[in-house]
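Structure, as structure tokens:
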Amino acid sequence: MLIESVTNPEPTFSVENIHISDADLPAFTDMPFEDIEELQLDHPGASDEEYRERRDHIASLSKKFRETGVITDVDYTEEEQGIWRHVAGRLEELHQKHSSPFYLKAKKDLGISNDRIPQLSEMNRRLKETTNFRLAPIEGLVDTRAFLSWLSWRTMLSTQYIRHHSRPEYTPEPDIIHEAIGHIPMFTNTNFADYSQFIGHGARVANDKQLEELGRLYWFTVEFGMVEHEGEIKAYGAGLLSSFGELEHAFSDSVERRPFDLEQVINHEFTYSDMQPVLYVIRSYKELKEETRRYIESLASAA
Ligand SMILES: [Fe+2]
């Protein structure tokens, strides 16, 4: 477990002492969710009864995980598979140009193809074998501290339902496209997986102001991060990799791509709804991880 003896002079955590097993996962049956009323008004499926019922059904399968510890596969409909094929195919063309070879290979290694929606259970199995990261289904948008805290157990909470067919390029909430194309492949990278876990540790000890800082760090890396690769800039953030609009915008002249600076990033306020005018480019995942380790250790020792 993660709890340290008070007499231990070592930092609160290190890569060496954060092995996680399934038995370590907290037995949360309740989860603090964000109030999504507003989100639902903006949702393209808000007034489509059939869609809402289907979304609620898939959400109920996700919810079972916290009672049983077992991921339930979703029997996706032909229409849902069609949305996936359309979006995944178009994104793949952009990925060839704007994502790193590592990301493209990771997608393949996890069995994520453009042909069908991958099941969390399959991706979870492969992730565990590669970096001991895991996936836990979730039925909605979770409160920031709870969501980030799960990363400290090397676990990403992931939705299973898919966006509304009327606007395949857009979703106001995370869906299986955002998770499986945007987030999940990156966890096969050990440095990125450790980095994510550090953010999780941070969320468990942070005060409210520090939690906001962590939220910004997460936003400008995990969601909208860019990385240098052999002299070129590539996208690795899930918000970029899972959106045609964001990905094209990120490489356009209207974005300032700055070298990553942790101090600057944690103080950089952003708005969720607008395209980002500034993005940050890391030199490597290893460097990001080591810099973040020091930052999180400073939070942990001050807590
Ligand atoms: Fe996300």
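The values are calculated or read from the model by the stated rules, or taken from the named source; none is laboratory data. These numbers come from a predicted model, not from an experiment. A quick note on method: Cβ atoms are made from the backbone with ideal geometry, for glycine too, and the neighbour counts reach across all protein chains shown. The area values use the complete protein model at the heavy-atom level, side chains included, leaving out ligands, DNA and RNA. Shrake-Rupley method; radii C 1.70, N 1.55, O 1.52, S 1.80 Å.
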Answer yes if at least one residue in segment 253-261 is free of Cβ contacts under 8 Å to residues at least 40 places away in the same chain, within 16 Å of the ligand (Cβ to nearest atom), polar (S, T, N, Q) and outside any helix (DSSP H, G or I), and no otherwise. no
Tabulated pairs, segment 211-238, first without any contact (Cβ under 8 Å) to a residue 60 or more places away in the chain, second away from the ligand (no atom under 16 Å from the Cβ) and part of a helix (DSSP H, G or I), C-beta under 7 angstrom, 6+ apart or interchain: GLU213/ILE266; ARG216/VAL265; ARG216/ILE266
Between a first residue in segment 182-199 that is more than 17 Å from ALA146 (Cα to Cα) and among the hydroxyl-bearing types (Ser, Thr, Tyr) and a second residue that is within 13 Å of the ligand (Cβ to nearest atom) and open to solvent by less than 10 Å² (accessible area, probe 1.4 Å), which pairs have beta carbons less than 6 Å apart while being 6 or more apart in sequence or on different chains? none
Residues of segment 72-105 being assigned to a loop (DSSP other than H, G, I, E, B), open to solvent by 40 Å² or more (accessible area, probe 1.4 Å) and farther than 17 Å from SER158 by Cβ, which ones? ASP75, THR77
Read through the list (1) over 24 Å from HIS43 (Cα atoms); (2) out of contact with any His (no Cβ under 8 Å at 6 or more places or on another chain), then give the number of the only condition that ARG216 fails. (2)
When the residues of segment 201-243 are narrowed to those that are within 16 Å of the ligand (Cβ to nearest atom) and in contact with a Lys or Arg (Cβ under 8 Å, 6 or more places away or on another chain), which ends up nearest to TRP150 (Cα to Cα)? ALA203
Those residues of segment 262-280 which are surrounded by 12 or more Cβ atoms within 10 Å (Cβ to Cβ) and either outside any loop (DSSP other than H, G, I, E, B) or touching a Gly at 6+ places or on another chain (Cβ under 6 Å) (or both), in sequence order: LEU262, GLN264, VAL265, ILE266, VAL278, LEU279, TYR280
Subset of segment 147-162 (residues that are within 15 Å of the ligand (Cβ to nearest atom) and open to solvent by 10 Å² or more (accessible area, probe 1.4 Å)): PHE147
For residues that are within 15 Å of the ligand (Cβ to nearest atom) and part of a loop (DSSP other than H, G, I, E, B), tally how many sit in segment 163-193. 7
Looking at segment 56-111, which of its residues are basic (Lys, Arg) and within 29 Å of LYS234 (Cα to Cα)? ARG85, ARG90, LYS97, LYS105, LYS107, LYS108
LYS108, sole failed condition from (1) within 15 Å of the ligand (Cβ to nearest atom); (2) of a type in the set (Lys, Arg); (3) not in a loop (DSSP other than H, G, I, E, B): (1)
Single residue of ARG216, ARG257, ARG283 found to be under 27 Å from LEU94 (Cβ atoms), at pLDDT 95 or above, open to solvent by 70 Å² or more (accessible area, probe 1.4 Å) and in contact with a helix residue (DSSP H, G or I) (Cβ under 9 Å, 6 or more places away or on another chain): ARG257
Which listed residue is over 25 Å from ASP109 (Cβ atoms) and either among the polar types (S, T, N, Q) or more than 13 Å from the chain's Cα centre (by Cα) (or both), from GLU246, GLU213, GLU230: GLU213
Of the listed residues (ALA59, ALA23, ALA46, ALA27), the one being modelled with pLDDT under 95 and in contact with a Gly (Cβ under 7 Å, 6 or more places away or on another chain) is ALA59
Open to solvent by 60 Å² or more (accessible area, probe 1.4 Å) and within 18 Å of ASP194 (Cβ to Cβ): which single residue out of LYS128, LYS63, LYS108 fits that description? LYS128
